[in-house]
1. So Asp38 ticks every box in (1) of a type outside the set (Gly, Ala, Ser); (2) within 29 Å of Val179 (Cα to Cα); (3) without any contact (Cβ under 8 Å) to a residue 12 or more places away in the chain but one. Which box is left unticked?
2. Test Arg92 against the criterion of being closer than 22 Å to Glu52 by Cα and either basic (Lys, Arg) or touching a His at 6+ places or on another chain (Cβ under 9 Å) (or both), and give yes or no.
3. Among the numbered criteria (1) touching a strand residue (DSSP E or B) at 6+ places or on another chain (Cβ under 9 Å); (2) surrounded by 16 or more Cβ atoms within 10 Å (Cβ to Cβ); (3) outside the structural domain of Val220 (by TED's automatic domain parsing), which one does Ile83 miss?
4. What pairs come out if I take residues in the stretch 119-145 that are under 24 Å from Glu52 (Cβ atoms) and pair them with residues that are outside any strand (DSSP E or B) and hydroxyl-bearing (Ser, Thr, Tyr) whose C-beta lies under 8 Å away, six or more apart or interchain?
5. Which of the strands (runs of 3 or more DSSP E) found entirely inside the stretch 141-246 contain at least 1 residues meeting this: surrounded by fewer than 19 Cβ atoms within 10 Å (Cβ to Cβ), not polar (S, T, N, Q) and not assigned by TED's automatic domain parsing to the domain that holds Pro13?
6. Assigned by TED's automatic domain parsing to the domain that holds Pro10 and crowded, with 20+ Cβ neighbours inside 10 Å, is that true of Leu25?
Amino acid sequence: MPALLGPDTPFPPLDQALEDPPGLLAVGADLSVERLRDAYARGIFPWYLPGEPILWWSPDPRMVLFTDRFAPSHSLRKKLRQIERRASVEVRVDTAFDEVLLACAAPRSEERPATWITAPMQRAYRAWHELGEVHSVETWVDGKLAGGLYGVSLGRVFYGESMFARVSDASKIALAYLVRFLRRHGADVIDCQQDTRHLASLGGTVIARAEFERLIVKSVRLPPLPWRPGRLLPNGEIVDLDTPPAAASPAERA
């Protein structure tokens, strides 16, 4: 059985996670920022559907995207080069967090009407965002939000939570610019949590849970990344929204 957590019960060691269902570690507790921060720093995340108790997971293996192995397709590379010359397309950081969160939480299809980003989860990550450790990366086209992603940033690790796109490739563009920002500031890894074909096609790889745990133990203790609201340039720099886009050197482009 998974561990039953009370308000002050610590998480058990990761190697106590179940094999069936794979990666389930604990049940209960709450979604306070303190509990969430402790969970992510250990390689644990919450995932549950409406009507279920809070379920805490640490899958083995774990999918990650090392920022130096990001592998956009030829068509995505072409699109990234094109948007650098188009003032109508911008990538921004933390200018529409609530809208990104709600878009990620929206049902994806009639076959998948339920969402794991429940109302309590939304409140929890919104509160964490207000404390500066949860961020959105947004693709804007002609002044409208076209897609993006959000995730948790602790030390030099970014934990990807969810993505959405209203325009083709908009979420992938946001991911490409996130990778550039992370590379610029020495962050090596994006936690993708689950093994998916989509992320594997972009360079994601699976590693053992023990290796992931060793990786984040040091990285989460490093100084935080310099997040702030603004425009994200092709070279990975965040500037004020009214700053003209700056050209990135070829070596900095994904």
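The values are calculated or read from the model by the stated rules, or taken from the named source; none is laboratory data. The shown structure was predicted, so the numbers you read here are calculated from the model rather than taken from an experiment. Glycine also receives a Cβ, built like all others from the backbone with ideal geometry; neighbour counts cover every protein chain displayed.
1. Evaluating Asp38 over (1) of a type outside the set (Gly, Ala, Ser); (2) within 29 Å of Val179 (Cα to Cα); (3) without any contact (Cβ under 8 Å) to a residue 12 or more places away in the chain leaves (3) as the failure.
2. no
3. (3)
4. Close Cβ pairs satisfying both conditions: Ala124/Ser32; Val134/Tyr125.
5. Output list reads 144-154, 157-165, 205-207, 230-232.
6. yes
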